[in-house]
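The values are calculated or read from the model by the stated rules, or taken from the named source; none is laboratory data. Here the structure is a predicted model, which means the values were calculated and not measured. All Cβ positions, even for glycine, are placed from backbone atoms using ideal geometry, and neighbour counts span all protein chains on display.
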Amino acid sequence: MIDKKEKQEKTIIIGSGPAGMSAALYAARANLEPLVLSGMELGGQVSVTHIVENYPGFPEGIEGPKLVENFQKQAERFGTKVEFDSATEVDLSTRPFRVKTWGNEYLAETLIITTGATPRHLDIPGEKEFTGRGVSYCATCDGHFFQGKDVIVVGGGDSALEEGLFLTRYVNSVKIIHRREELRAGAILQNRAFKNDKVEFIWNTVVTEIIGDGIVDTVKLKNVKTGNEEELKTDGVFIFIGHIPNTDLYEGQLELDENGYVQVDRFMQTSVPGVYAAGEVADSHFRQVITSAGMGAGAAMQAIHFLEDHS
Ligand SMILES: Cc1cc2nc3c(=O)[nH]c(=O)nc-3n(C[C@H](O)[C@H](O)[C@H](O)COP(=O)(O)OP(=O)(O)OC[C@H]3O[C@@H](n4cnc5c(N)ncnc54)[C@H](O)[C@@H]3O)c2cc1C
């Protein structure tokens with residue numbers, strides 16, 4: 001399927017988020033001169049994060065774009081090559097593995113997949129504009145910034161309720177906006193949410209617009225049964241309507257779980273020897289900078305051992 005003359009690399013890392021850049025740092029320090037294909041979002045989700053306060057080593061927190069810059073500089077210092085390019089096709093049937101990008105074709109003795117997962121968006125006016133300015137996809141990351149505030153949560157599944165309940169540690173009130181009149185979340189979570197005085201539900205309702213002046217101030221709501229529209233003042237909009245793992249490239253070549261995440265063992269090994277996966281592409285549970293970075297470091301350490309054993 002790939003026929004041009006390829007450049008051969010010891011390790012190619014697909015993705016430049018915390019998992020990819022941490023893998024690059026470890027692989028580079030082992031003199032593998034790894035190639036990172038950055039994808040369209042250099043630095044991954046951190047690049048759109050206003051401030052990260054839960055990554056150790058930065059007692060005052062650090063701005064997302066600055067953390068991305070630091071990750072890249074540190075990896076490059078030891079010989080990482082970063083290409084602003086995306087993998088468009090991979091062939092994992094034989095080693096070295098083949099990777100095709102917009103601009104090039106490569107062979108890789110080992111491959112580390114760190115293409116992340118994308119939070120599902122509402123795709124409504126104001127959502128993009130206010131991301132990091134009141135719109136969030138992560139309560140663990142951002143809940144702390146909403147002490148004593150009134151927020152809404154959008155969604156009706158386990159993560160909407162879990163994250164909504166988590167937010168009650170900080171906020172004054174959480175209104176859960178759900179498009180149906182029944183929740184998909186498990187019974188225990190539902191009971192906890194119904195019993196919590198800070199949690200209120202708004203049923204059969206969707207958010208149609210997010211409004212503010214620099215930061216979120218109001219949402220427009222529409223009742224899907226009656227068609228009634230109203231405005232609601234709020235300090236924050238937490239959106240939990242699922243994540244989409246970026247795994248299209250590997251379908252049919254790697255074992256994926258029922259939700260499309262790459263399956264790895266505790267050594268970040270995928271179903272193909274020599275191919276590792278790390279970060280949110282293989283983790284639907286923790287979804288943090290530190291956990292993704294840790295998985296990336298682990299994947300690189302395993303790739304280093306693999307190359308030692310197969311050289
Ligand atoms: C707004 C926001 C705020 C957050 N705040 C925090 C926080 O405060 N603390 C915290 O711990 N976590 C936070 N998170 C979560 C954290 O950013 C993620 O857990 C982390 O970035 C996941 O890292 P990753 O490397 O697995 O994937 P990502 O960061 O998702 O990176 C994926 C990478 O893969 C690349 N890619 C995708 N497809 C291709 C392809 N075909 N070819 C090449 N490259 C490709 C992308 O360009 C990107 O570089 C936040 C997330 C968001 C969205």
- In segment 25-41, what residues are under 20 Å from Thr88 (Cα atoms) and touching a helix residue (DSSP H, G or I) at 6+ places or on another chain (Cβ under 7 Å)? Pro34, Val36, Glu41
- Query: Of all residues in segment 31-54, which are modelled with pLDDT under 95, within 15 Å of Ala293 (Cα to Cα) and in contact with a strand residue (DSSP E or B) (Cβ under 7 Å, 6 or more places away or on another chain)?
  - Reply: Val46, Val52
- Query: Since Gly242 meets every condition but one in (1) closer than 17 Å to Val135 by Cα; (2) modelled with pLDDT of 95 or more; (3) surrounded by fewer than 18 Cβ atoms within 10 Å (Cβ to Cβ); (4) of a type outside the set (A, V, I, L, M), which condition does it not meet?
  - Reply: (2)
- Item | Every residue from segment 250-299 that is of a type outside the set (A, V, I, L, M) and not in a loop (DSSP other than H, G, I, E, B) | Tyr250, Gln269, Tyr276, Gly279, Glu280, Thr291, Ser292, Gly294, Gly296, Gly298
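Yes or no, residue by residue, for (1) more than 6 Å from the ligand (Cβ to nearest atom); (2) surrounded by 20 or more Cβ atoms within 10 Å (Cβ to Cβ):
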site	(1), (2)
Ser16	no, yes
Tyr26	yes, yes
Leu32	yes, yes
Val36	yes, yes
Glu41	no, no
Gln45	no, yes
His50	yes, no
Glu60	yes, no
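How many residues are basic (Lys, Arg), more than 20 Å from Gly143 (Cα to Cα) and over 24 Å from the mean Cα position of the chain (by Cα) if we restrict to segment 172-216?
Going residue by residue through segment 172-216, those that are basic (Lys, Arg) are 175, 179-180, 184, 192, 195, 198.
So of that shortlist, the ones also more than 20 Å from Gly143 (Cα to Cα) come out as 179-180, 184, 195.
This time we only want the ones that are over 24 Å from the mean Cα position of the chain (by Cα), so: 179-180, 195.
Residues in segment 172-216 being basic (Lys, Arg), more than 20 Å from Gly143 (Cα to Cα) and over 24 Å from the mean Cα position of the chain (by Cα): 3 in total.
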- Restricting attention to helices (runs of 4 or more DSSP H) lying wholly within segment 115-199, give those where 1 or more residues are within 16 Å of the ligand (Cβ to nearest atom) and either touching a Phe, Trp or Tyr at 6+ places or on another chain (Cβ under 7 Å) or basic (Lys, Arg) (or both). 139-142, 158-167
- Of all residues making up segment 71-92, the number that are out of contact with any strand residue (DSSP E or B) (no Cβ under 8 Å at 6 or more places or on another chain) and more than 14 Å from the ligand (Cβ to nearest atom): 5
